[in-house]
1. Candidates (1) 61; (2) 47; (3) 41; which is the computed percent of Cα pairs over 30 Å apart?
2. Take the chain, connect every pair of alpha-carbon atoms lying under 10 Å apart with a spring to form a Gaussian network, then pick out the residue of Ile258, Ile129, Ile243 with the largest mean-square fluctuation.
3. Taking only DSSP H segments of four or more residues, each worth -39500 (n - 2.57), what value at 222 nm results for the chain once the sum is divided by all its residues, to the nearest 500 deg cm²/dmol?
4. Going by amide H atoms built from the backbone, whose H comes under 5 Å of the H on Ser255, apart from near neighbours?
5. Fully extended, how many nm does the chain gain between Thr347 and Asp301 (0.36 nm per residue separation, minus their Cα-Cα distance)?
6. Enumerate the calculated ³J(HN,Hα) couplings along segment 170-184 in order (Karplus 6.51 cos²θ - 1.76 cosθ + 1.60, θ = phi - 60°), each rounded to whole Hz, writing x wherever the residue is Gly or Pro.
7. Quick query: amide H of Gly46 versus all other amide H atoms, modeled in the peptide plane; which residues come in under 5 Å with a sequence gap of 5 or more or a different chain?
8. Tell me whether segment 34-175 comes out rounded, prolate or oblate; compute the Cα gyration tensor, take square roots of the eigenvalues as a ≥ b ≥ c, and use a/c under 1.5 as the rounded threshold.
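All of the numbers you see were taken from the coordinates with simple rules; none came from a lab. Please read all numbers here as calculations on a predicted model, not as lab measurements. Here the Cβ positions follow ideal geometry from the backbone for every residue, glycine too, while neighbour counts run over all protein chains shown.
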Amino acid sequence: MKFAHIADCHVGGWREPKLREVNKKSFISVIDYCLKIGVDFLLLSGDLFNTAMPPMDSLRIVVEQLKKLADQNIPVYAIPGSHDFSPAGKTILDVLESAGLMQNVCTGQEVEGKLRLDFVIDPKTKIKITGLLGKKGGLEKNYFYNLDKKHLEEPSTRYKIFMFHSAISELKPKGLEKMDAMPVSLLPKNFNYYAGGHVHVIDNSSISGYENIVYPGPIYPNSFSELEKLKKGGFVIVDNGHIQHLKIEPHPVISLDIDCENKTPEEANSELIDLLNDIDLKETIVTLRAKGCLRTGNPTDIKFKEFFKKAYAQGAYFVMKNTNKLVSKEFEEIKTNKNSVEEIEDTAIGEHAGQLGVFEAEREKEIAKEMIRVMSYEKEDGEKTADFECRVRTDVDALLEL
């Protein structure tokens, strides 16, 4: 018995085209590896795409790869993740399942007020698989509270897998203390493997009554901070019970920092360029984090363009910077405890949700986030302007249920 476990692919999620391409290549490399070693099946624990209605280019890549698995009779068992559903409840995963490219194992019915999940039996290995979807804001907890666990926990001679897309309170890593989570006690007991997703960490833990709670990590980092922390993508291969975390590294990641505290822009510029001395940057992804309060001048006086130019001249594949914590005494500091564009967007949306009175506050939050995503669409190669505008209008109409 040999299977693969992946999660949080977020195909198409990066706004930068080069990083979006790296993400796609990472997904392709996992599928190729699964074909090479001949897995019996693949588990996908949510967030295949970064949105419920992905761009056509991202969809094409995924369909091509899933078709390769289907042609070799390798089933894909999946659950929807928090990024897989739109506010209207529609998802491209339904289309992929109808095409025979995957099977959603989150199925069941209500019995005497309880949610009774069905088991899917893998035809080759006879392994029993079931699971629950993930929703934005940890709202899937309501399903777990109403779960008929007695049915799921009945003893079985067969290997059992439970798939979920949620953070577990007892397993939250440092730095994610505020993340929505649920207690491990909400998971059904007596499973051999718990295939987790949603939390972008690599972990394999066992808690009393719960064996092998596994998070494979994302296929590829999905933010600046994740590139700094993880450097690589990851997935899991389980071979006759042996759990192995494998890494995906299309490009080495080099993370650099510059502390500009009490320095002049000239001093910062000199130190900035020196950061690249004696470093092999060929085909690397370079992240630069600048922080501190300048003694004089302002952040725009720092010659980041020169840094970028030198890095690319040394062969870097992609260079990006983060200056959220770089300020100047000459300007009033905008105070925020958010570390990413996404977090700032979430805060702004949360502060104003419900003011329109058209939708419930929680739904209005989801619609606003999806609207930001839709309005950031880019024209595909060769796409006509009229077709691009039609694609945007169609997604906006679907989002607002027009």
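1. Computing percent of Cα pairs over 30 Å apart and matching it to (1) 61; (2) 47; (3) 41 gives (2).
2. Per the Cα network of the chain with a 10 Å cutoff, Ile258 tops the list.
3. -9000 deg cm²/dmol
4. For Ser255, the qualifying residues are Thr287.
5. Taking 0.36 nm per residue and subtracting the Cα distance, the gain is 13.6 nm.
6. Karplus values, whole Hz, x for Gly and Pro: 5, 10, 5, x, 4, x, 10, 4, 8, 5, 4, 8, 10, x, 4.
7. Counting only residues 5 or more places away or on other chains, the set is Asp8, Ile79.
8. oblate
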